[in-house]
Amino acid sequence: MNDKKTGIYEQMEELFGFILNNVDRSKISSKNKAQIREEIVGLQSFVVSARPARIAIVGRRGAGKSSLINAIFGEEKAEVGDYKSQTGAGKWYLFENELGGIDILDTRGLGESHRPEESTITASPLEEVKQSIKNKCPDVILFLCKGKEVGSRIDEDLEQLQQLKQDVYDMHTYDVPIVGIVTQVDELAPASNSEPPFDHPKKQENIQATVELLEEKIREIITTPVTVIPISAYIEYENGSVVYDRRWNIDVLLDYLITELPKEAQVILAKVSKVKSVQKRLARNIGKSVMAVTGLVGASPVPMADMPIITGLQLSMIGTIAMISGKKLNRKTIIQFLGAMGVNVGVGVALREVSRQLVKVFPGAGSIISGSIASAGTYALCEAAIAYFIDSKSQEEAKKVYEQELEEQKRKN
């Protein structure tokens, strides 16, 4: 994201500075100020500090590392080796599309008996990975194991995985989370039930058995709890287009990864995946965070002069949801949404000035407001932004969502 410090990103950074300055000058109690600042800095990291997620994928040859990368993007990004290992020296690769990228440490398979197609630097796969993590710390490690091979001897692989986790901690003082992935569950019996959602009772029983077995094996080696997720990542392409898609549970994996990743890595992963359920979940998580802050500000109570804190936070939330959706983030996209809500603002106006104008429009206007009304308005805006940016609903539909959600929240409060 080469332009992150210019244009709209510079505007967003200025907006957060504007909000924080208003918090410092406000009559909010010192205790609440500290909590509000913490939430604002956290929200700021989603956009201003956004970067590609750094995911280390570990597993034996044929476990489906490259297939998983392709499944996350829904595009053919990594070459899948049908017979020989394709990945050579353990090094970071930036896989990207027009929406952003993911840094993948796609390692040469643990326990390999032959050398991969690409040249290697060091003798063992583990040493290659250690070499790579010296300069770049992974956010998470995915340990892949084929469904049909979970019962085989993987003790050595797990011991190497534990060593890798320790190496990351020694080098970066970071307790990197590990996620176990049971791959190729579509190949488990019965073979006749080979299409998602794999709802045959015996198929589900076999999938659950592999998950429990891998969990048991991991617990014997890895001291911290590890979540295990079963997936199918099989896709066929022709001329760059998907012609057959057997993906299953990729959305569940992405949902979980977002909870494990640092905030600055979450938005781009949600964006590049193009999975709406994942994008909505992250958007609502951000909305809940902003709701908490606006509710706290509103409950102070705060004089009219301090209302830009609330509207500034709401505006930053709208911009973040626009970014999550994959829409090109600029002032125009934000102003168009505000237009859908019935607010007329010039495109050339700085976002911090927009937040001042919104005091007269969004819930939060008045000399003194309640925390419940501030929260209600924020929730309604969050749902309207999701409808407009992620679900691509019309301006009229988005405004209707806003009005309905606002009335519903008022009734609840």
If the Cβ limit is 6 Å and pairs must be 6+ apart or interchain, which residue in the range 380-392 that is farther than 11 Å from residue 327 by Cα pairs with which residue that is among the small types (Gly, Ala, Ser)? 382/287; 384/398; 386/283; 387/398
For the range 230-255, give me each residue that is at pLDDT below 95 and at positive phi. 239, 240
Hey, among the residues in the range 201-232 that are closer than 23 Å to residue 251 by Cβ and acidic (Asp, Glu), which one's nearest to the chain's Cα centre (by Cα)? 215
State yes or no: is residue 244 in contact (Cβ under 8 Å) with a residue 12 or more places away in the chain and out of contact with any Cys (no Cβ under 9 Å at 6 or more places or on another chain)? no
So, in the range 212-240, how many residues would count as being hydroxyl-bearing (Ser, Thr, Tyr) and surrounded by fewer than 20 Cβ atoms within 10 Å (Cβ to Cβ)? 4
Consider the range 177-197. How many of its residues are without any contact (Cβ under 8 Å) to a residue 60 or more places away in the chain and either surrounded by 20 or more Cβ atoms within 10 Å (Cβ to Cβ) or part of a helix (DSSP H, G or I) (or both)? 5
Counting residues that are modelled with pLDDT of 85 or more and open to solvent by 10 Å² or more (accessible area, probe 1.4 Å), which strands (runs of 3 or more DSSP E) fully inside the range 91-170 reach at least 3? 92-97
Which listed residue is under 22 Å from residue 40 (Cα atoms) and hydrophobic (A, V, I, L, M, F, W, C), from 293, 252, 242: 293
For the range 375-397, which residues satisfy the criterion of being over 18 Å from residue 292 (Cα atoms), more than 24 Å from the chain's Cα centre (by Cα) and either assigned to a helix (DSSP H, G or I) or not polar (S, T, N, Q) (or both)? 395, 396, 397
When you check residue 209 against the structure, is it among the small types (Gly, Ala, Ser), surrounded by fewer than 16 Cβ atoms within 10 Å (Cβ to Cβ) and at pLDDT 95 or above, yes or no? yes
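The values are calculated or read from the model by the stated rules, or taken from the named source; none is laboratory data. Small disclaimer: the values here were computed from a predicted structure and weren't measured. Please note: Cβ atoms are built from the backbone with ideal geometry, for glycine as well, and neighbour counts cover all protein chains shown. The protein model used for the area step is the full one, side chains on, heavy atoms only, and it has no ligands, DNA or RNA in it. Shrake-Rupley method; radii C 1.70, N 1.55, O 1.52, S 1.80 Å.
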